[in-house]
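S.K.: The structure that follows is given in the form of structure tokens.
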């Protein structure tokens, strides 16, 4: 409904409807050296494991995961792309079912990611794995991260990071070593009334103590149980 309204307003006001959900996947030159994927691999060059085992990204328009996945394949890297999806988003279900008509009557509570419909820019064919991340885990993770780095981040960063920790746990169980890359999406100061507000969390997310305990255990043993 909001898509049709955007088009209507653009026509009424003699404007232009910038359909980012359709064109995000083609707005970046994923073959070149001026995209986020190329920057990731350049920054990793001097790390002990310069070629990441995994890159973890969450989808909003789907454009960033499309750029990263295409770049990995174009460069013939061994890196795998894991996309992490919040609650009330349909990307995860589409990835596993292939049904592009799936819709949800609910909206993601994790700002900037998750959609109630399958967006045209989400390219499932360049994604190797998807994980559904509970909203409570995302909130617990940004609070855990703040204790580690002294910096507030948005909840989508928590979604990304919790997925990365789950992959790290899988790799450790399998006796594998390597690097996992994810992104800090935005700063958390704009979310003081929501993701850092106990009353808002109680009313919108619920108890997340279970995930706080999991993250505390990770501090000790390096595993998410």
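S.K.: Relative contact order (percent) for region 155-211, with alpha-carbon contacts under 8 angstrom and 6 or more residues of separation?
M.R.: Result for region 155-211 is 34 percent.
S.K.: Taking square-rooted eigenvalues a ≥ b ≥ c of the alpha carbon gyration tensor, is the chain rounded, prolate or oblate, where a/c under 1.5 means rounded and, failing that, a/b exceeding b/c means prolate?
M.R.: oblate
S.K.: At 222 nm, what value in deg cm²/dmol follows for the chain if DSSP H runs of at least 4 each add -39500 (n - 2.57) and the sum is divided by all its residues, to the nearest 500?
M.R.: Rounded to the nearest 500, the figure is -13000 deg cm²/dmol.
S.K.: Could you give the distance between the Cα centres of region 50-73 and region 91-164, to the whole Å?
M.R.: Here the answer is 13 Å between Cα centres.
S.K.: How high is the relative contact order of region 2-221, in percent, counting Cα pairs under 8 Å that sit 6 or more residues apart?
M.R.: 19 percent
S.K.: Just to be sure I understand: with springs between alpha-carbon atoms less than 10 Å apart, which residue in 102, 51, 113 has the highest mean-square fluctuation in the Gaussian network model of the chain?
M.R.: Looking only at 102, 51, 113, the largest GNM fluctuation is found for 102.
S.K.: Continuing with the same structure: Ranked by Cβ crowding within 10 angstrom, fewest neighbours first, how are 82, 221 ordered?
M.R.: 221, 82
S.K.: Given springs between every Cα pair under 10 Å in a Gaussian network model of the chain, which of 57, 18, 171 has the largest fluctuation?
M.R.: With Cα springs under 10 Å in the chain, the top fluctuation among 57, 18, 171 is at 18.
S.K.: Can you put 189, 119 in order of Cβ neighbours within 10 angstrom, beginning with the fewest?
M.R.: 189, 119
S.K.: Hey, another quick one. If each residue's Cβ is checked for other Cβ atoms within 10 Å, how do 17, 162 rank with the fewest at the top?
M.R.: In order of increasing Cβ crowding within 10 Å: 17, 162.
S.K.: Any chance you could get the radius of gyration and Dmax over the Cα atoms of region 144-212, in Å?
M.R.: 14.0, 42
S.K.: Let me know the shape class of region 35-153, please: from the alpha-carbon gyration tensor, a ≥ b ≥ c as square roots of the eigenvalues, rounded when a/c is under 1.5, otherwise prolate if a/b is greater than b/c, or oblate.
M.R.: It comes out oblate by the Cα gyration axes.
S.K.: Between 134, 59, 50, find the one with the highest GNM mean-square fluctuation for the chain; connect C-alpha pairs within less than 10 Å.
M.R.: Per the Cα network of the chain with a 10 Å cutoff, 50 tops the list.
S.K.: Under 8 Å for C-alpha pairs, at least 6 residues apart: give me the relative contact order for region 30-104, rounded to a whole percent.
M.R.: It rounds to 28 percent for region 30-104.
S.K.: Taking square-rooted eigenvalues a ≥ b ≥ c of the alpha carbon gyration tensor, is region 27-71 rounded, prolate or oblate, where a/c under 1.5 means rounded and, failing that, a/b exceeding b/c means prolate?
M.R.: It comes out oblate by the Cα gyration axes.
Read-outs: derived from the displayed coordinates by stated rules, not from any lab. Owing to the predicted nature of the structure, the values given are computational and were not obtained by experimental measurement. No Cβ is skipped: glycine too gets one built from the backbone with ideal geometry, and neighbour counts run over all protein chains shown.
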